[in-house]
1. Which numbered condition in (1) touching a Ser or Thr at 6+ places or on another chain (Cβ under 8 Å); (2) at pLDDT 85 or above is the only one that residue 55 fails?
2. Of the residues that sit in region 156-185 and are of a type in the set (A, V, I, L, M) and in a loop (DSSP other than H, G, I, E, B), which one is surrounded by the fewest Cβ atoms within 10 Å (Cβ to Cβ)?
3. Is one or more of the residues making up region 148-155 touching a Gly at 6+ places or on another chain (Cβ under 6 Å) and hydroxyl-bearing (Ser, Thr, Tyr)?
4. Would you mind telling me which numbered condition in (1) modelled with pLDDT of 90 or more; (2) farther than 24 Å from residue 38 by Cα residue 169 fails?
5. Can you report the number of residues in region 129-145 which are more than 11 Å from residue 226 (Cα to Cα) and either within 18 Å of the chain's Cα centre (by Cα) or among the β-branched types (Val, Ile, Thr) (or both)?
6. In region 193-246, how many residues are in a helix (DSSP H, G or I), over 16 Å from residue 68 (Cβ atoms) and among the hydrophobic types (A, V, I, L, M, F, W, C)?
7. If you check every pair at least six apart or on different chains, which have Cβ atoms under 8 Å apart with a residue in region 139-159 that is over 15 Å from residue 245 (Cβ atoms) first and a residue that is of a type in the set (S, T, N, Q) and in a helix (DSSP H, G or I) second?
Amino acid sequence: MSDLALVATQVRYEQKSYWRNPLAAGFTFLFPLVLFIILVGVTRGATDAKNLGAGVHLAQYLTPSVLGYAVMSACFMSVAMTLVRQRESGVLKRMRGTPVPSWALIGGIIGNAVITATLISVVAVGFAVVVYGVSLPAANVLPVVVTIALASLTFCALGVAVSSIIPNVDSGPAIINVPYFLLVFISGTYFPVTGTMAHIAAWLPLRPFIVALYYHGFNPLNTGSPWAWHQLGSLLLWGVGSTIYAVRHFQWTPRKG
């Protein structure tokens, strides 16, 4: 089989495994929508002239921010926990003993996460547009798609890297959830952030994703380029750095002790 066919086969296997657990899959898709409904309901149709501009509905900002939350969950958390569970149960070790190349096995897990993130993004944006009238100019669609794709791959690489430092399954949720929810809170997922918090979050991977999606995609007042080159560069650096770390430190066998 060709390299592409090998990866496609692994992605198909991971997708079948994913959808065979409909409760978990349904929660992954429904929770971002429920969160979006709650946040929009709390604002009661308000605008944020100070942080977003005059007349800009908070739903325009909450769409990309909740999307960032969902994509990071589908990629970073999912990939990290999947790899830890399979490593500690010996699945990775046994799979590595098959003729399938190691990179194809990891590629299948990453491909499954990217597909899931893509589907969540389509559902979330469609829901926001239909239910709350959120606008996304046609000229901004391609930059938004590229941003989501790059962020998905970056968060997947970060998930693989973090899985390398998790000693066992029991400690996995704690080690994964701490940076995840820290990023969610300081990156402006629930409300626009400014000042010191925004400057700190700008050096981390989630904030550039949200900024790129909103200020260069969903912001109705943006008259400049829809391409957020600075934020895309930041995501790329995080992705490359995480990949290098993962290649050097990833473990296929269960930890001893």
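The values are calculated or read from the model by the stated rules, or taken from the named source; none is laboratory data. Remember, predicted model here, so these are calculated numbers, not experimental data. Methodologically, a virtual Cβ is constructed for each residue, glycine included, from the backbone with ideal geometry; neighbour enumeration extends over all protein chains shown.
1. Only one criterion in (1) touching a Ser or Thr at 6+ places or on another chain (Cβ under 8 Å); (2) at pLDDT 85 or above is unmet by residue 55, namely (2).
2. Pass one, region 156-185, residues of a type in the set (A, V, I, L, M): 157-158, 160-162, 165-166, 169, 174-176, 178, 182-184.
Still in the running and in a loop (DSSP other than H, G, I, E, B): 165-166, 169.
Numbers: 165: 12, 166: 22, 169: 15.
The selected residue is 165.
3. Within region 148-155, one or more residues are touching a Gly at 6+ places or on another chain (Cβ under 6 Å) and hydroxyl-bearing (Ser, Thr, Tyr).
4. That leaves (1) as the condition not met.
5. 5
6. Looking only at region 193-246, we keep the residues that are in a helix (DSSP H, G or I), and these are 195-201, 206-218, 229-246.
Narrowing the set further to residues that are over 16 Å from residue 68 (Cβ atoms) leaves 195-196, 199-200, 229-230, 233, 236-237, 240-246.
After this cut, where a residue has to be among the hydrophobic types (A, V, I, L, M, F, W, C) as well, the list is 200, 229, 236-237, 240, 244, 246.
Qualifying residue count for the region: 7.
7. Here the result reads 147/231; 148/118; 148/121; 149/118; 152/118, each pair linking region 139-159 to a residue that is of a type in the set (S, T, N, Q) and in a helix (DSSP H, G or I).
Per-residue answers, yes or no, for (1) surrounded by fewer than 14 Cβ atoms within 10 Å (Cβ to Cβ); (2) more than 25 Å from residue 79 (Cβ to Cβ); (3) of a type outside the set (Val, Ile, Thr):
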| residue | (1), (2), (3) |
| --- | --- |
| 102 | yes, no, yes |
| 110 | no, no, no |
| 113 | no, no, yes |
| 117 | no, no, yes |
| 121 | no, no, yes |
| 125 | no, no, no |
| 133 | yes, yes, yes |
| 139 | yes, yes, yes |
